[in-house]
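To start, the structure under review is shown below, and the notes come after it.
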Amino acid sequence: MRRGLDTWIALGLLVAGWAIRLAFATRLEFPPLDDPAFYVQTARHLAAGRGLVSDVLWSYQFPFPGVTHASHEYWMPIATFLMAPAIKAFGDSLLVAQLPGTLCGALLVPLTYFLGRLMKPDDRRIALGAALMLLAGALPVYQAASTDSAAPFAVLGASALLTGALAIERRSGWLSLLAGLLGGLAYLARSDGMLIPLLVGAFILLNLRSSRRSFALLVLLGIGCAVPMGSWWLRNLHVFGALQPVPPMTVAALQDYAQMFNWNDPSTLASLFSRGIKFVVGLRFQALWHNLGVWLLIAFPYGIFGWLGLLRKQRVMLTLGLAYAVVLMLSSALVFSVPTLAGLFYHSAGAMLPWLAVGAALVLSQIAERRRSAAFGLCAATAVLIIAQAALAWPPAIEDSAENAATFAEAATWLKENTEPGEPVIATQAHSLNYSSGQPGMSLPAGQDVDSVRSLAESYDARYILITERFGRYPDALDEHLGDGIELVFQKPRLLIYEIVRP
């Protein structure tokens, strides 16, 4: 009867969580940011039978002879894989593309409930309270509706951590194999998912020492994660000639985000350290401070005190989740500082939310044992702050989505009237442009001068530059060259189109 009740509660939480995420998703008219548009477009191509193909040159850190090329040289494929069958089955719309992400985000709620039940089998209130913290959180709901990789990674990463902890506590071989498989799938959602099987392996060694059982668990863990990871690496070797086409050290050596889009100027560690050790260290401290803010914002307000509850209970089930959160926060900031400032930790932090929520529920329970009134007040304040954050965060996101939809619709109309079919366009948001118009796109080398942009345009036979946001030197650098081979041919508050006039 108790297990049956838990099942019904979990199903109720899943339905409620999915309903909230779908309700928010229906209000979004356009994919937020540029990477969500990439996932939708590649899913459209996969559903149409084109395979893993992109019509956008997003970065030039890996050279391609043409604008249309094999996709996912940088971003990972799970979000694309999940959306393609939905688009194939239910039609090509943004809401259909949002279905897998919203379901993944909703699954995180009952997963949190089961984590709480494992921690406190005799007190269902702990599990239910923790799950309710994730039910309508502003950022988890937003990530689930965004069509990017955050929600699939969150549920796969959290499932891998939970299964790994169970494998250690129960010394279970098949659970270790499953943890490896889930960890490998988490890697296919976001490349920093590789941390998860490594952490699970480290915890196996720490908790089971050098016994034969620990060796068997490590082997099974490795086999599990090797299946998805190895399959993807073999694909990359076949298509790109490299396991990871954009090397991690190239990304680690970035000095600022605009450098990711430099044309014929790859980032190197030598160029990074030529800026001086003060710059290198300062960049990492900036990323650490940024990650701390993300930690508090994405798990607001329970992330402020939830980690304390994870320290009070010395169980692998809790310490593994806390270790993941801390290691991800530190490693992303110290190694991949610039991507971190651009959202790396933010997009991967969802996997730590169940642990912070359960930790917060444990803290509240411990306070209640001493002073019920104080616990009740803190519970009420937590609920009010979660609802207030959502009320403040969602309307601007919905408004921005509508504005982007209008801006890119206007751009698509202009391009249809003034360009040839299949003519590439340089843009600050090239994937969003491709999503709205179908026009092949190339990212603007925003940190370089106009001569570099001219060289890029000549290499791929592009004429127009489309600016929808201020980025790097642009649009100011183009305005300085007006009349010198650059003409402003269309102007609206959120949309500027320049033409490169050739002699």
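Results, tabulated for the structure shown:
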{"quantity": "Residue match in segment 333-348 (condition: within 23 Å of MET119 (Cα to Cα) and touching a helix residue (DSSP H, G or I) at 6+ places or on another chain (Cβ under 6 Å))", "calculated": "no"}
{"quantity": "Check on ALA84, assigned to a helix (DSSP H, G or I), touching a residue at least 24 places away in the same chain (Cβ under 8 Å) and more than 20 Å from the chain's Cα centre (by Cα)", "calculated": "no"}
{"quantity": "Options PRO440, PRO424; residue that is in contact with a helix residue (DSSP H, G or I) (Cβ under 6 Å, 6 or more places away or on another chain) and at pLDDT 95 or above", "calculated": "PRO424"}
{"quantity": "Single residue of segment 185-210 satisfying the filter (touching a Ser or Thr at 6+ places or on another chain (Cβ under 9 Å) and either under 16 Å from LEU328 (Cα atoms) or small (Gly, Ala, Ser) (or both)) that is surrounded by the most Cβ atoms within 10 Å (Cβ to Cβ)", "calculated": "ALA186"}
{"quantity": "Odd one out for PRO395 among (1) surrounded by fewer than 17 Cβ atoms within 10 Å (Cβ to Cβ); (2) more than 22 Å from the chain's Cα centre (by Cα); (3) not acidic (Asp, Glu)", "calculated": "(2)"}
{"quantity": "Lone qualifier among GLN429, GLN448, GLN439 - being over 22 Å from ASP479 (Cβ atoms) and of a type outside the set (Val, Ile, Thr)", "calculated": "GLN439"}
{"quantity": "Enumeration of residues in segment 53-63 that are surrounded by 17 or more Cβ atoms within 10 Å (Cβ to Cβ) and closer than 18 Å to ARG235 by Cα", "calculated": "SER54, PHE62"}
{"quantity": "Test: GLY447 is on the phi > 0 side of the Ramachandran plot and outside any strand (DSSP E or B)", "calculated": "no"}
{"quantity": "Criterion violated by PRO503 - all others in (1) crowded, with 22+ Cβ neighbours inside 10 Å; (2) at pLDDT below 95 satisfied", "calculated": "(1)"}
{"quantity": "Every residue from segment 450-469 that is part of a loop (DSSP other than H, G, I, E, B) and either on the phi > 0 side of the Ramachandran plot or in contact (Cβ under 8 Å) with a residue 40 or more places away in the chain (or both)", "calculated": "ASP461, ARG463, THR468, GLU469"}
{"quantity": "Residue list for segment 486-503, restricted to those being part of a strand (DSSP E or B), touching an Asp or Glu at 6+ places or on another chain (Cβ under 7 Å) and under 18 Å from LEU433 (Cβ atoms)", "calculated": "VAL489, LYS492, LEU495, TYR498, GLU499"}
{"quantity": "Subset of segment 45-63 that is assigned to a loop (DSSP other than H, G, I, E, B) and among the small types (Gly, Ala, Ser) - its residue that is modelled with the lowest pLDDT", "calculated": "SER59"}
{"quantity": "Cβ-Cβ under 6 Å pairs, at least 6 apart or on other chains, segment 249-260 side assigned to a helix (DSSP H, G or I), far side among the polar types (S, T, N, Q)", "calculated": "THR250/GLN61; THR250/SER267; GLN259/SER267; MET260/SER59"}
{"quantity": "LEU385 under 31 Å from the mean Cα position of the chain (by Cα), surrounded by fewer than 22 Cβ atoms within 10 Å (Cβ to Cβ), assigned to a helix (DSSP H, G or I) and not acidic (Asp, Glu)", "calculated": "yes"}
{"quantity": "Among (1) under 22 Å from the mean Cα position of the chain (by Cα); (2) buried (at least 19 other Cβ atoms within 10 Å of the Cβ); (3) modelled with pLDDT of 95 or more, the one test that VAL67 misses", "calculated": "(1)"}
{"quantity": "Tabulated pairs, segment 46-72, first more than 23 Å from PRO247 (Cβ to Cβ), second aromatic (Phe, Trp, Tyr), C-beta under 8 angstrom, 6+ apart or interchain", "calculated": "LEU46/PHE81"}
{"quantity": "Qualifying helices (runs of 4 or more DSSP H) (wholly inside segment 109-193; at least 2 residues being on the phi < 0 side of the Ramachandran plot and without any contact (Cβ under 8 Å) to a residue 60 or more places away in the chain)", "calculated": "150-170, 173-189"}
{"quantity": "Scan of segment 100-109 for residues that are of a type in the set (A, V, I, L, M, F, W, C) and crowded, with 23+ Cβ neighbours inside 10 Å, ordered by number", "calculated": "CYS104, ALA106, LEU107, LEU108, VAL109"}
{"quantity": "Count - residues of segment 23-44 that are buried (at least 19 other Cβ atoms within 10 Å of the Cβ), hydrophobic (A, V, I, L, M, F, W, C) and assigned to a helix (DSSP H, G or I)", "calculated": "6"}
{"quantity": "Only listed residue being among the aliphatic types (A, V, I, L, M), under 23 Å from VAL155 (Cα atoms), touching a Leu at 6+ places or on another chain (Cβ under 9 Å) and assigned to a helix (DSSP H, G or I), chosen from LEU334, LEU415, LEU353", "calculated": "LEU353"}
{"quantity": "Among (1) buried (at least 20 other Cβ atoms within 10 Å of the Cβ); (2) over 15 Å from ALA145 (Cα atoms), the one test that GLY91 misses", "calculated": "(1)"}
{"quantity": "Residues that are under 19 Å from ILE78 (Cβ atoms), of a type outside the set (A, V, I, L, M, F, W, C) and surrounded by 18 or more Cβ atoms within 10 Å (Cβ to Cβ), drawn from segment 211-244", "calculated": "GLY224, PRO228"}
{"quantity": "All positions within segment 244-294 that are within 24 Å of the chain's Cα centre (by Cα) and more than 24 Å from MET442 (Cα to Cα)", "calculated": "LEU283, ARG284, PHE285, GLN286, ALA287, LEU288, TRP289, HIS290, ASN291, LEU292, GLY293, VAL294"}
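A quick yes/no check of all residues on (1) crowded, with 22+ Cβ neighbours inside 10 Å; (2) touching a His at 6+ places or on another chain (Cβ under 8 Å); (3) under 23 Å from GLN259 (Cβ atoms):
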position	(1), (2), (3)
GLY441	yes, yes, yes
VAL450	no, yes, yes
SER455	no, no, yes
GLU469	no, no, yes
ASP484	no, no, no
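The values are calculated or read from the model by the stated rules, or taken from the named source; none is laboratory data. Model, not experiment: these values are computed from the prediction. Cβ: placed from backbone, ideal geometry, glycine included. Neighbour counts: every protein chain shown.
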